[in-house]
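Worksheet: one structure, shown below.
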Number of protein chains: 2
Amino acid sequence: MAKDIVILGSTGSIGTQTLEVIKDLEASNQEKFNIVGLGCGTSTDLLVRQINRFKPDMVSVKGEPERKIVSRKISKDVEIRTGSEGLKTLAGMTNTGTVVNALVGFVGLEPTLEAIGSSSRILLANKESLVIGGPLVDRKLKNSKTSLIPIDSEHNAIFQALETGKEKEVERLLITASGGPFLSTPLDRIDSASPEEALDHPNWDMGSRITCDSASMVNKGLEVIEAHWLFDLSYEKITAVVHPQSVIHSLVQFHDGSMIGELGEPDMKVPIQYALTYPRRLENDYGRTDIVDLAKLEFKELEESRYPAFNLVVEAGKSGGNRPAAVNGADEELIDEFLAENIRFGGIARGLDLVLEDLEPVENPSFEDLKSTDVWARKKARSLVEEKIIGDR
Amino acid sequence: MAKDIVILGSTGSIGTQTLEVIKDLEASNQEKFNIVGLGCGTSTDLLVRQINRFKPDMVSVKGEPERKIVSRKISKDVEIRTGSEGLKTLAGMTNTGTVVNALVGFVGLEPTLEAIGSSSRILLANKESLVIGGPLVDRKLKNSKTSLIPIDSEHNAIFQALETGKEKEVERLLITASGGPFLSTPLDRIDSASPEEALDHPNWDMGSRITCDSASMVNKGLEVIEAHWLFDLSYEKITAVVHPQSVIHSLVQFHDGSMIGELGEPDMKVPIQYALTYPRRLENDYGRTDIVDLAKLEFKELEESRYPAFNLVVEAGKSGGNRPAAVNGADEELIDEFLAENIRFGGIARGLDLVLEDLEPVENPSFEDLKSTDVWARKKARSLVEEKIIGDR
């Protein structure tokens, strides 16, 4: 029997790859999914093609203009919703099905909360759901039968490794980090690095925010926060380690001395398929790693002076409350300012520090508190640039 | 409730380490074992100390002389058996308990067969049980509720990795090999290498047979045969790869593209404890690997010209029947001849080739057939030396 599935963010990188995996599984007669809902923002052309191919019952787009465009191009029996209400409705529409949350940004949190309890499995690529909403998601998840499977390569690797033991048997998580484009850059040249330099990621081909975040290691800091919530582990047990080849996606050191890791190509279809078909592993012809071709794997400590933003982010996670929301919102704005060449690369970390310094902390934030913090932090970050406090380019 | 356990080979390296793990688990109040039987060969002094410490109901020693020595030194309520009959009795004495088979050589096969069905778990360190007796063990195991857990580091790593998937989902096993002392030796100097050079293993501190077997890679060939039987995988799916640091103990590539590996220190207590307490992982303070200290892990293809014996052994496994028994018996004799400086190091591979050439194959050997092959192969190997056919030193 085909499983119902909803894909939020269906026109983005993870969304389109999820649809490819679903097509491949159907073509190889291994698994059939019934795509009941697709949600996206403004990529109406691609959404229309997806509607024609996958025949969902309901879709959601950003707003009225996108709704009109899509409405003209498809048959009447597909319901079209809009905005965050639309995404929430999609997230709640499968009863025992799967929800893939590949939305980017704060907008992904509400659908995750909605899908908990109303779906049997959430495939999570939206990092804000845990970075910002960790306590809310965690609380709701504990009282539900919904399982949450991460599909980014690091957390998916940890999820796989944890199949060999229990969370309470974990001594240490080692989240690997490529080190980004500035791994070997002389320290005094990083501050003034250009957007082209920051966007030149050695291993993964990703969007510009996440690539910039890899350069600053904000990304790795946010992953530490995600791991904390996903695997119910104290921050003391979570370490990031630089591994330039990005072949070992992450490692779990158990308290009996065994260390389990997952290795492979930088091909997101592998974790996506794993999460879709878990606990079964189905056949595919996605990227294979020939370990002899790799010749060597290297490991280094994460240098604080090279990645000052990393500790800022982890500390925000440890202190909790609305701090991770502030970091996340401010970081997005600061990256935009950096890519627009309004601030230096080093201004990102300095900006985060100043935003956190000025933040009015809320210790047990509601969803509304988090939303206000996000808005405040973005505004604060922009004002730091406008007032030339970090406008040092 | 304490679990009954029998340890065969209790005075050897694996046996004594097993007893240490049991003591540690008891000292940390995590698990209690009731040691009901201990079996050894001629190390009577150590056995007596073990009897006094662990109070088994029954022990077994090599023969009458050893029985008399032990009998004089212990209280009357411990039953003392002898020889292979004694080991068999020990192997069959736990009803739902654990049997650790850390015997060395052919003598380990019968106790393994005996323990199948009469114990709930066998911890296997005796490689002959599967190398020689694979088909017999496999057949008996399939009709029993006994589980077999390997405790050598490579197969234990594979066992752990397989917790994340099923045997039928495996695309490839990668058994890692350190490369031994001759990894970088000029090819033309290996043939005439001295026993001192062959015994100089870079990572593991082991007995002289297994160290010589690491130098010739006979060991890795035998491990391929073991993996074939342990994990029910065709030989085509099993590859050996040289990994000089021996940190990744082995890898499982699944057919969905994920690769799972187990890493750690060369400390046998880790896999021994894992196998004792599986599926639980209990705390210990055994060796921990700091991956940053390792700095790098390397991988190389296994060069046929450097390790000619490897393919000989794997081919014997593939052809099956009594061939692995011949290889195993002959190899033991040839190593003795090499260590006694009667033949060159290269004579081991040449001898194995000649023994296999002369072997009368038996396709579905009984236990008795295998025993005769072992005896024949040893005699044949010695005769090759005595007749100076490979006596080229």
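The values are calculated or read from the model by the stated rules, or taken from the named source; none is laboratory data. Here the structure is a predicted model, which is why all the values come from computation and not from measurement. Glycine also receives a Cβ, built like all others from the backbone with ideal geometry; neighbour counts cover every protein chain displayed. The protein model used for the area step is the full one, side chains on, heavy atoms only, and it has no ligands, DNA or RNA in it. Shrake-Rupley method; radii C 1.70, N 1.55, O 1.52, S 1.80 Å.
Here is how the numbers come out for the structure above:
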| read-out | value |
| --- | --- |
| Criterion violated by residue A:233 - all others in (1) modelled with pLDDT under 95; (2) more than 14 Å from chain B (Cβ to nearest Cβ); (3) over 26 Å from residue A:334 (Cα atoms) satisfied | (1) |
| So residue A:107, is it under 22 Å from residue A:371 (Cα atoms) and either among the hydrophobic types (A, V, I, L, M, F, W, C) or modelled with pLDDT under 95 (or both) | yes |
| Failed item in (1) crowded, with 19+ Cβ neighbours inside 10 Å; (2) among the hydroxyl-bearing types (Ser, Thr, Tyr); (3) outside the structural domain of residue B:20 (by TED's automatic domain parsing), with residue B:98 passing the rest | (3) |
| Meets criteria (at the interface with chain B (Cβ under 8 Å from one of its Cβ atoms) and surrounded by fewer than 20 Cβ atoms within 10 Å (Cβ to Cβ)) for residue A:262 | no |
| Residues satisfying the stated conditions in segment A:285-315, i.e. within 9 Å of another protein chain (Cβ to nearest Cβ) and touching a Gly at 6+ places or on another chain (Cβ under 6 Å) | A:286, A:289 |
| Residue match in segment B:185-202 (condition: within 30 Å of residue B:148 (Cα to Cα) and either over 17 Å from the mean Cα position of the chain (by Cα) or not aliphatic (A, V, I, L, M) (or both)) | yes |
| Segment B:163-192 - residue that is surrounded by 18 or more Cβ atoms within 10 Å (Cβ to Cβ) and more than 14 Å from chain A (Cβ to nearest Cβ) and, of those, nearest to residue B:281 (Cα to Cα) | B:178 |
| Qualifying residue in segment B:344-367 (condition: touching an Asp or Glu at 6+ places or on another chain (Cβ under 7 Å), part of a helix (DSSP H, G or I) and within 14 Å of chain A (Cβ to nearest Cβ)) | no |
| Residue list for segment A:19-52, filter: in a helix (DSSP H, G or I) and either open to solvent by less than 50 Å² (accessible area, probe 1.4 Å) or under 19 Å from residue A:108 (Cβ atoms) (or both) | A:19, A:21, A:22, A:25, A:44, A:46, A:47, A:48, A:50, A:51 |
| Any hit, segment A:63-80, residues being modelled with pLDDT of 95 or more, part of a loop (DSSP other than H, G, I, E, B), of a type outside the set (D, E, K, R) and over 25 Å from residue A:146 (Cα atoms) | yes |
| Checking residue B:160 against (1) touching a helix residue (DSSP H, G or I) at 6+ places or on another chain (Cβ under 6 Å); (2) closer than 27 Å to residue B:350 by Cβ, the condition it does not meet | (2) |
| Only listed residue being in a helix (DSSP H, G or I), modelled with pLDDT of 95 or more, surrounded by fewer than 24 Cβ atoms within 10 Å (Cβ to Cβ) and among the acidic types (Asp, Glu), chosen from A:374, A:331 | A:374 |
| Selected residue [surrounded by fewer than 20 Cβ atoms within 10 Å (Cβ to Cβ) and over 28 Å from residue B:179 (Cα atoms)] from B:341, B:363 | B:363 |
| Qualifying residue in segment B:28-41 (condition: among the basic types (Lys, Arg) and modelled with pLDDT of 95 or more) | yes |
| Residues of segment A:265-284 that turn out to be at the interface with chain B (Cβ under 8 Å from one of its Cβ atoms), within 19 Å of the chain's Cα centre (by Cα) and among the hydrophobic types (A, V, I, L, M, F, W, C), as a count | 1 |
| Segment A:193-212, residues that are open to solvent by less than 10 Å² (accessible area, probe 1.4 Å) and more than 22 Å from residue A:264 (Cβ to Cβ) | A:193, A:195, A:198, A:212 |
| Single condition residue B:355 does not satisfy, out of (1) buried (at least 23 other Cβ atoms within 10 Å of the Cβ); (2) in contact (Cβ under 8 Å) with a residue 60 or more places away in the chain; (3) over 19 Å from residue B:304 (Cα atoms) | (2) |
